[in-house]
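Colleague: Mind looking over this structure? Questions follow.
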Amino acid sequence: MDVGFVGLGQMGAPMATHLAGPSLTVYDTRPEAMEPLVARGARAARDPAEVAARADLVSLMVRDDDQVNEVAAALLPAARPGTVLAVHSTIRAATAERLAERARPHGVEVVDAPVSGGFMGAAAGTLAVMVGGSPEAFDRCREPFGAWAGLILRMGPVGAGTRAKLARNLLHFVAFTAAAEAQRLAEASGVPLRDLARVVRHTDAITGGPGSIMLRDTTAPLDPADGLHDILRHVRALGEKDLAFALELADELDVDTPLARLALRRFAAGLGLPEEDPRG
């Protein structure tokens, strides 16, 4: 498959590097960004239209919705029928859906395929990619995506990949705010923050961090007969105890911990358990 790649920034460049060779055509507004890939055998295009004319799959890794729409407007008229346009940028799901409608008269299939794993994952070729699109378009993308991804999942129709990425990033960035809250409590307690950070990274690498609790296929209340029920009751008991102790310490030190207070109130429900556990 001939692959095109538009957008060779911090993420796009290492992703495209895993595909470098004579079957890759690249474009970036900065000519110097294309040079390392050309040195590996890729072809440099003059514009996005030239990428589309040469490629069966075109990957876009540009900044935002406006740039995605701008590049798509340039390449769609030049694309061959049957081309797949993959958008790796994090955009609005509605933007991907509208783009799919615009692409259909040109015979082009759109997949929204945002990635997770950061620059490190892009460099290592171990990104996760969440794909929204038809099963046929997904099948055509799997092999080239596999050059730079370690996990490739179809999440549903066009737009589903972006919705999955937004949910994933909600967890990511809310966790950053929670980390800041934990650091304030640790600092007020005289705990070395760098040492605490080492502990967090070490233990999250063992347990999987917040992802380790994402075990169910629904957020509905948990059936007491479910095999997870007793496991999550145990998690609840530990979590509520430790959150309560942390809040006691925060009160003693006059540290504001609003996320911890909200977490304690919603902890049981988030596990699918009733507020008052009838089994004690």
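The values are calculated or read from the model by the stated rules, or taken from the named source; none is laboratory data. Bear in mind the structure is a predicted one, so any value in this text is a computation, not a measurement. Quick reminder, even Gly has a Cβ in these numbers, built from the backbone with ideal geometry, and neighbours come from all protein chains shown.
Colleague: Given the conditions (1) surrounded by fewer than 16 Cβ atoms within 10 Å (Cβ to Cβ); (2) on the phi > 0 side of the Ramachandran plot; (3) in contact (Cβ under 8 Å) with a residue 60 or more places away in the chain, and given that GLY208 satisfies all but one, which numbered condition is not satisfied?
Modeller: The single condition GLY208 does not satisfy is (3).
Colleague: Being under 13 Å from the mean Cα position of the chain (by Cα), modelled with pLDDT of 95 or more, surrounded by 24 or more Cβ atoms within 10 Å (Cβ to Cβ) and in the same structural domain as GLY12 (by TED's automatic domain parsing): is that true of ILE152 here?
Modeller: It is false that ILE152 is under 13 Å from the mean Cα position of the chain (by Cα), modelled with pLDDT of 95 or more, surrounded by 24 or more Cβ atoms within 10 Å (Cβ to Cβ) and in the same structural domain as GLY12 (by TED's automatic domain parsing).
Colleague: Does any residue in the range 13-41 that is at negative phi and of a type outside the set (A, V, I, L, M, F, W, C) come within less than 9 Å, Cβ to Cβ, of a residue that is surrounded by fewer than 22 Cβ atoms within 10 Å (Cβ to Cβ) and at pLDDT below 95 six or more places away or on a different chain, and which pairs are these?
Modeller: SER23/MET1
Colleague: Just the residues that are within 12 Å of the chain's Cα centre (by Cα) and buried (at least 23 other Cβ atoms within 10 Å of the Cβ), please, taken from the range 101-121.
Modeller: ASP112, ALA113, PRO114, VAL115
Colleague: Let me ask something additional. Starting from the range 71-100, take each residue that is closer than 13 Å to VAL51 by Cβ and list its partners that are part of a helix (DSSP H, G or I) and of a type in the set (Phe, Trp, Tyr), counting only C-beta distances under 9 angstrom and pairs at least six apart or across chains.
Modeller: Hits for this filter: ALA86/PHE145.
Yes/no matrix, rows are residues, columns are (1) more than 30 Å from ASP251 (Cβ to Cβ); (2) in contact with a Phe, Trp or Tyr (Cβ under 7 Å, 6 or more places away or on another chain); (3) not assigned by TED's automatic domain parsing to the domain that holds LEU262:
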| position | (1), (2), (3) |
| --- | --- |
| GLU143 | yes, no, yes |
| GLY159 | yes, no, yes |
| PHE173 | no, no, yes |
| ARG194 | no, no, yes |
| ALA197 | no, no, yes |
| HIS202 | no, no, yes |
| ALA205 | yes, no, yes |
| GLY227 | yes, no, no |
